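Single-structure report; data block below.
The values are calculated or read from the model by the stated rules, or taken from the named source; none is laboratory data. Owing to the predicted nature of the structure, the values given are computational and were not obtained by experimental measurement. Cβ atoms come from the backbone with ideal geometry, glycine included; neighbour counts cover every protein chain shown.
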Amino acid sequence: MSTALIVTAASVVWWGALIAVSRVVLLRYGFDPWALSFIQLCAGGIVLLALGGGRSLALASLRRPATWALGVLRVASAALYTAVLAWVSALEAGTIGAVSLPLVTLAVWAAFGRRPRLRELPGHLVILAAIAAVVGGLDPSIRQAVVYLMLLNAVCIALIAIVAERHPDNLSDEPGARLRFTGAVLLTTATLFLAARAVGMGGGAAAAAWDWPLLAAGVAVGVVLRAPSMVLTFWSIRLVGAQNYTAANAFLPLVGMTLEEAAVGVGLTDVSRFQANVLVLSVVVVVGTLWILRVRFAGRVAGGASTRKFTCN
């Protein structure tokens, strides 16, 4: 099994675990969602910088506009996704968010000149049809707002993948460099997160109820889940490219739902947002994604390219 496949699969699993665990912690203990996320970012960033060793790359990353761009996009994406979750389930949001795959395909074509194969089109159409079905099932009073917010979120995700693929500090295969780069991005995101909170809510950090359980939960989740998920994300983008990384995220709603339902099953939370019809449509999105990946892989093999990566870029 290739390194690229292992890293990409691990990225999806870690993100699913981060979403599920964060939701369980928030529901059980009633922590401020902003404060929990902010502590996660800070703890994860500091630990990664410490593990990476040295300071030169971390400081260089913080001086790059592209690093701050990633921070801005991460904050915007988190805000948009959180707003949508106030109205729909995580499975619905994740399925609608699959629109990022067609968007990334078009963006990569425009930015890097990597033209998609015509045979990929049925897969994209299947994905869009499934998304349309989910949107059609939403309450009319929230439908338009959800569509707009998720489209903006998908644009942010597409831009994150593209910027990360070509970010100078993400081109190195040296582990320490990758840890320092990811740590710098997390701390940049935390700084922008704090600024956005201060501007948007007036109270800034003081608006949250800071206590030891919140700090302990934030640090634990940040170190164990947030930091590894970001490291794996940037590493995956480095190995398989923005398009294939985004395609792999089609599995994220299913992973997140499975972990959330497992939490309900063992009694960690009694709030289930399972919806059978949305699950079916999420599986349809996965089928469309697998078709796209199959076409890319077949084209790569037919072209005589190395199959070191699990799919072509």
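What the table below lists for this structure:
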{"item": "Scan of the stretch 39-64 for residues that are of a type outside the set (S, T, N, Q) and at pLDDT 90 or above, ordered by number", "result": "Ile39, Leu41, Cys42, Ala43, Gly44, Gly45, Ile46, Val47, Leu48"}
{"item": "Matching entry among Ser100, Ser89 (being of a type outside the set (A, V, I, L, M), under 18 Å from Ile131 (Cα atoms) and touching a Lys or Arg at 6+ places or on another chain (Cβ under 6 Å))", "result": "Ser89"}
{"item": "Hits in the stretch 84-96 (condition: under 17 Å from Ala20 (Cα atoms), touching a residue at least 40 places away in the same chain (Cβ under 8 Å) and either basic (Lys, Arg) or in a helix (DSSP H, G or I) (or both))", "result": "Val84, Ala90, Leu91, Glu92, Ala93, Gly94, Thr95"}
{"item": "Pick from the stretch 139-171, criterion of a type in the set (A, V, I, L, M, F, W, C) and more than 16 Å from the chain's Cα centre (by Cα), ranking: nearest to Leu239 (Cα to Cα)", "result": "Leu171"}
{"item": "Leu80, sole failed condition from (1) at pLDDT below 90; (2) closer than 21 Å to Leu281 by Cα", "result": "(2)"}
{"item": "Residues of the stretch 177-200 satisfying the condition of being within 13 Å of Gly44 (Cα to Cα) and basic (Lys, Arg)", "result": "Arg180"}
{"item": "Which numbered condition Val301 misses (of (1) surrounded by fewer than 15 Cβ atoms within 10 Å (Cβ to Cβ); (2) in a helix (DSSP H, G or I); (3) at pLDDT 85 or above)", "result": "(3)"}
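For every residue, the table says whether it meets (1) within 20 Å of the chain's Cα centre (by Cα); (2) at pLDDT 90 or above; (3) over 15 Å from Val126 (Cα atoms); (4) not in a loop (DSSP other than H, G, I, E, B).
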position: Leu252; (1), (2), (3), (4): yes, yes, yes, yes
position: Glu260; (1), (2), (3), (4): yes, no, yes, yes
position: Val264; (1), (2), (3), (4): no, no, yes, yes
position: Gly267; (1), (2), (3), (4): no, no, yes, no
position: Ser272; (1), (2), (3), (4): no, no, yes, no
position: Val285; (1), (2), (3), (4): yes, yes, no, yes
position: Gly288; (1), (2), (3), (4): yes, yes, no, yes
